[in-house]
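Presented below is the structure to which this report refers.
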Amino acid sequence: MTNTELKIATTFKACVLDVDGTLLDTSEFIYLAFECILKKFGFNVPSRDVLIAKTGKRLEVDYAVLTELTDTDELCREHRAFQNKHQDLVRAFPHVRDTLLTLKKRGIKLSAATTRSKITSTASLQNALIYEDAEGKPMFDLILYAENSKAKPDPDSILQSLSKLGVPARKCLMIGDRESDIQAGKNANVVTVGVTYGCSGREIIKSNPDFVIDDIRELLTLV
């Protein structure tokens, strides 16, 4: 089935959206936090490309990979403290808020899935003005954080979304900017959408998502 045939044959009822790199431009927010903490504890700071390639999982796992330490709790605490102080570095990507509001008006259920902690993710979503809608109601029907879901590519966050939102896999889109997002979607048997404006750029195409979009507004042509 081609992408066009898939779109015609399916009426989507829900979207599971990755947060960092898909909804939020957090490239500086994330890189500067790693840079600051690695320097503080005497570790070399890799280039941005290397950092992107080695991170994106649980923060504890990311620091274990970057430092080869078995106990990364102190680094993670410092990392989160840095991010809590620098939420001004977070921005929503262009057209994200309007697109989410339009999806909600169309009756699409929205779930956000992130590997970040609840406290830093909530602050980022609020700072970017996409935590609530114009009436002060929650923008998302469900948000899954590091504390209550497994990191992608494990499909846990998507499977939880399907269960809690009452939507079958074939009626759900998984939207993300990393290979792990697309693989998680495939593991959950949902339809996958790769975005090219996130940290992977057009490399996301190599993950073979069902659809590829260059602008979040293109989601509106799929639902």
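Annotations
- Residue that is in a loop (DSSP other than H, G, I, E, B), farther than 14 Å from LYS57 by Cα and of a type in the set (Val, Ile, Thr), where the choices are ILE130, ILE119: ILE130
- The number of residues in the range 116-138 that are over 16 Å from HIS79 (Cβ atoms) and in contact (Cβ under 8 Å) with a residue 40 or more places away in the chain comes to 4.
- Here PHE43 meets each of (1) surrounded by fewer than 17 Cβ atoms within 10 Å (Cβ to Cβ); (2) part of a helix (DSSP H, G or I); (3) in contact (Cβ under 8 Å) with a residue 12 or more places away in the chain with one exception, condition (2).
- Verdict on GLY185 being part of a helix (DSSP H, G or I) and touching a helix residue (DSSP H, G or I) at 6+ places or on another chain (Cβ under 7 Å): yes
- Residues that are at pLDDT below 95 and under 15 Å from the mean Cα position of the chain (by Cα) were ranked within the range 77-117; the one that is surrounded by the most Cβ atoms within 10 Å (Cβ to Cβ) is THR115.
The values are calculated or read from the model by the stated rules, or taken from the named source; none is laboratory data. In this text, all values refer to a predicted model and were calculated from it rather than measured experimentally. Please note: Cβ atoms are built from the backbone with ideal geometry, for glycine as well, and neighbour counts cover all protein chains shown.
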